[in-house]
Amino acid sequence: MSIPYALEGIEHGKGVLNGSTAIAEMLVAAISEFAEVTVVTDRPDRFSGHRTVSIFRENPIRAHGFEEFWRREYRVFGAPTAGDFSRDSLYRVFQLANAVDPGRLDAILAETDCEVVVLNRQEHFFLSRHPGLCDRKLVFFTHDSHYQRKLSYEENYGAAQPLTHVEQAIESAFVAEAGKLVTISVEEQTHFSRLATGCEVVLFRPTIARPQRLVELAEQTAVRFYFIGVNNFVNRQTMARAHEWFLENGRPGADEFHVFGSVCHAVEAVGADQGVFLHGHVDDLACAVAGMHVLLAPIQSGSGVPLKVADALGAGHLVLASAFGADSYPEFIGSRIVLSDGDAGQVLDALRAAPATYVPYEAYASKNRQAARQIVGVE
């Protein structure tokens, strides 16, 4: 299974985990309970106790000029500017191919004895027919289907988003060639289950740790709300909604809204308000948010699954999320997750009345363990 951090670092900043690397780490940890996992990665320090190998060039670089072309020619229709958001299929495939060392790849496939190989959607595009993989079981890890991304863009911008030939090829090949597909969201599982024939579609959701303490809010509690995100379009859009919600419903002089990550630049552009604290990048995020109470996640678009919700639940925090953002965590709705789509007064009352129970954690973890067993074929 491949997890290339440097490639994601080109996009999101060196050392920053984004959704694809974070969920892949979780999948490695889950599968490791039932099987021995070899991780193809440029960060062996993140996989202590695992065998790690690298197929990547030492210093992958951004493909200058190609990104500008990709954003202009493969734009999202209806977006204000080409730089706001984009379909990254063609660019990510090119970027990965540019970073792989063919000699290392051939040598590792010849030397490594693995029964099952997990490929993500970019790797599948040019590795699924590699001779070194012909006698091995392949599991395709979808992580953001192009079709789900298309639907999200269409809903957000009110404009048709026809799939490019590259997106169509990858999406069709996933269904046609996969014996087993791993999806990360309920919507994605539903989408591929409709399309796939003779293919096992497995739902593996983000790991949620069992926290030592569950946040509870009393009537007089000064609430520390927070938001986390890199500075991309979906996070800017969601953070703006969270910021607006806080300004309308937070109690002046008591409640606080803390923002972490490079998305802070979007708040700085309009000016921070009283009770709003911009922290930017922090080296130890878990420590920085330890004293928070409620994650604000009024997410309305996107094609993956909001990992920030899983992290907040794992920290014992409450989550105020849209129905869209909470869709992958139904076990927690009504207890640790309160939907933000209703009346503000009722929402605040629901946060204060939220039960401190571990029942949803146990139910969720049980389903994820079963999914990991299914991926590796353990009965």
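Pairs of Cα atoms under 8 Å, at least six residues apart: use those to get the relative contact order of the chain, whole percent.
14 percent
When the chain is treated as a GNM, springs tying every alpha-carbon pair under 10 Å, which of GLY250, GLY78, GLY49 comes out with the largest mean-square fluctuation?
GLY49
If you take the beta carbon distance between ALA97 and ASP343 as r and set R0 to 56 Å, what does 1/(1 + (r/R0)^6) give as a FRET efficiency, to the nearest 0.05?
Rounded to the nearest 0.05, the efficiency is 0.65.
Within straight cross-link reach of LYS367, meaning Cα distance under 12 Å, which aspartates and glutamates are found once same-chain residues fewer than 8 apart are removed?
LYS367 reaches GLU331.
Over the Cα atoms of segment 311-379, compute the convex hull volume and normalise it per residue, giving Å³.
84 Å³
With a 10 Å cut-off between alpha carbons and a GNM built on the chain, which of GLU111, GLU331, GLU155 moves the most?
Fluctuation is largest for GLU111.
Treating the beta-carbon of each Lys and Arg as +1 and of each Asp and Glu as -1, no other charges, what is the dipole magnitude of segment 192-247 about its Cα centre, to the nearest 20 debye?
140 debye
Label VAL53 and ASN249 with points 7 Å out from Cα along Cα→Cβ: what is the distance between them in nm?
Those two pseudo-labels are separated by 5.1 nm.
Subtract the Cα-Cα distance of ASP45 and GLU219 from 0.36 nm times their separation in residues, and report this length gain in nm to one decimal.
58.2 nm
Run lengths n ≥ 4 of DSSP H only: what is the helix-derived mean residue ellipticity at 222 nm for the chain, with -39500 (n - 2.57) per run over all residues, to the nearest 500?
-12500 deg cm²/dmol
Stretch HIS281-ARG136 to full length: gain in nm at 0.36 nm per residue minus the Cα-Cα span?
Gain in length upon complete extension: 48.1 nm.
Using 0.36 nm per residue of separation minus the Cα-Cα distance, give me the extension gain between ASP113 and GLN300 in nm, one decimal.
Gain in length upon complete extension: 63.0 nm.
For the chain, build the charge dipole from Cβ charges (+1 Lys, Arg; -1 Asp, Glu) around the Cα centre, then report which of LEU195, PHE257, HIS243 sits farthest towards its positive end.
Result: LEU195.
Please list, ordered by chain and number, the residues whose modelled amide H lies under 5 Å from the amide H of VAL40; skip anything fewer than 5 residues away on the same chain.
Hits under the 5 Å cutoff: SER2, ILE3, VAL53.
Kirkwood hydrodynamic radius for the chain: how many Å is it when counted over pairs of different Cα atoms?
Computed over Cα pairs of the chain, the Kirkwood hydrodynamic radius comes out at 21.9 Å.
How high is the FRET efficiency between ILE61 and ALA356 when r is their beta carbon distance and R₀ equals 51 Å, given to the nearest 0.05?
Result of the calculation: an efficiency of 0.55.
Would you mind working out the magnitude of the charge dipole of segment 99-197 relative to its Cα centre, with +1 at each Lys and Arg C-beta and -1 at each Asp and Glu C-beta, to the nearest 20 Debye?
Computed about the Cα centre, the dipole is about 180 debye.
Compute the convex hull volume of the Cα atoms of segment 167-255, divide it by the residue count, and report the result per residue in Å³ as a whole number.
170 Å³
Could you sort the peptides 315-322, 68-75 by per-residue average Cβ neighbour count (10 Å cutoff), highest mean leading?
Put in order of decreasing packing, that is 315-322, 68-75.
Looking at the chain as a GNM with Cα springs under 10 Å, which of ALA242, ALA354, ALA218 has the largest mean-square fluctuation?
The residue with the greatest mean-square fluctuation here is ALA218.
Quick one: angle between helix 89-99 and the longest Cα principal axis of the chain, in degrees between 0 and 90, rounded to 10, please.
60 degrees
Give the cross-link partners of LYS180 among the aspartates and glutamates, using a straight C-alpha distance below 18 Å as the criterion and excluding same-chain residues fewer than 8 apart.
GLU115, GLU123, ASP135, ASP144, GLU171, GLU188, GLU200, GLU379
Along the charge dipole of the chain, pointing to its positive end and built from +1/-1 on Cβ of Lys, Arg, Asp and Glu, which listed residue (SER20, LEU90, SER328) has its Cα farthest out?
LEU90
By how many degrees, 0 to 90 and rounded to 10, does the Cα axis of helix 146-157 deviate from the longest principal axis of the chain?
40 degrees
Determine the sum of side-chain charges near ALA354: Lys and Arg each +1, Asp and Glu each -1, restricted to other residues whose C-beta is under 15 angstrom from that of ALA354.
-1
Laboratory data are not the source of any read-out in this text; all were calculated from the coordinates shown. For clarity, every value in this text was computed on a predicted model and none was experimentally measured. Cβ coordinates were reconstructed from backbone atoms using ideal geometry, including for glycine residues, and neighbour counts include every protein chain displayed.
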